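What follows is a short report on a single structure.
The values are calculated or read from the model by the stated rules, or taken from the named source; none is laboratory data. Small disclaimer: the values here were computed from a predicted structure and weren't measured. Here Cβ is always computed from backbone atoms with ideal geometry, including for glycine, and neighbour counts include all displayed protein chains.
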Amino acid sequence: MPNESDMFIEYLFTMDDGKVLNYKINFSRPWTDILVQSDYPVWTELDFKQCGNCPLNPEEYSHCPVAIDAKEIFLGFKEILSSSVANVRVITPEREYFKRCDAQTGLRALIGFVMATSQCPILSKMRGMAHYHLPFASIDEIVFRV
């Protein structure tokens, strides 16, 4: 298996109106890079809607790691209806996947990967599954993998 810092998964959304959204997500995103940036929306701040089980202290961590990682993705989809149809292509280190589906199906797969590979102390426990990311997995496939 390649070094985690060299591993990427790429999601390409081609909407029916021709708009293309491309996200190349690194498995390993350093926390220090996040802390030096200050131009994030208020909803990314840790104390905005901090999860009940989040162990991070807002006095030490200004922003939610998942929100920081997902910010650009959410902003890219802000004017796209969840039911809009897209061709979604996913490129992993081992193979490629393709599915014609609604935007929310592709977005669910992408955000799931981002959450599992974030620096969130709770969700990062799913990092092992992210190494074998299966976009568009059915509930049976998810249960089997867990």
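Here is a yes/no grid of residues against (1) at positive phi; (2) touching a strand residue (DSSP E or B) at 6+ places or on another chain (Cβ under 7 Å); (3) surrounded by fewer than 16 Cβ atoms within 10 Å (Cβ to Cβ):
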{"site": "GLU45", "(1), (2), (3)": "no, yes, no"}
{"site": "GLY52", "(1), (2), (3)": "no, no, yes"}
{"site": "GLU59", "(1), (2), (3)": "no, no, yes"}
{"site": "SER82", "(1), (2), (3)": "no, yes, yes"}
{"site": "VAL88", "(1), (2), (3)": "no, yes, no"}
{"site": "ARG95", "(1), (2), (3)": "no, no, yes"}
{"site": "ARG100", "(1), (2), (3)": "no, yes, yes"}
{"site": "LEU107", "(1), (2), (3)": "no, no, no"}
{"site": "MET115", "(1), (2), (3)": "no, no, no"}
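Which pairs do you get when a residue that is under 19 Å from CYS64 (Cα atoms) and hydroxyl-bearing (Ser, Thr, Tyr), found in the range 104-118, comes within reach of a residue that is at pLDDT below 95 and not in a helix (DSSP H, G or I), reach meaning Cβ atoms under 6 angstrom, with the pair 6+ apart or on two chains?
Pairs that qualify, where the first residue is under 19 Å from CYS64 (Cα atoms) and hydroxyl-bearing (Ser, Thr, Tyr) and the partner is at pLDDT below 95 and not in a helix (DSSP H, G or I), are THR117/PHE27.
So, in the range 78-103, how many residues would count as being over 13 Å from the mean Cα position of the chain (by Cα) and in contact (Cβ under 8 Å) with a residue 40 or more places away in the chain?
11
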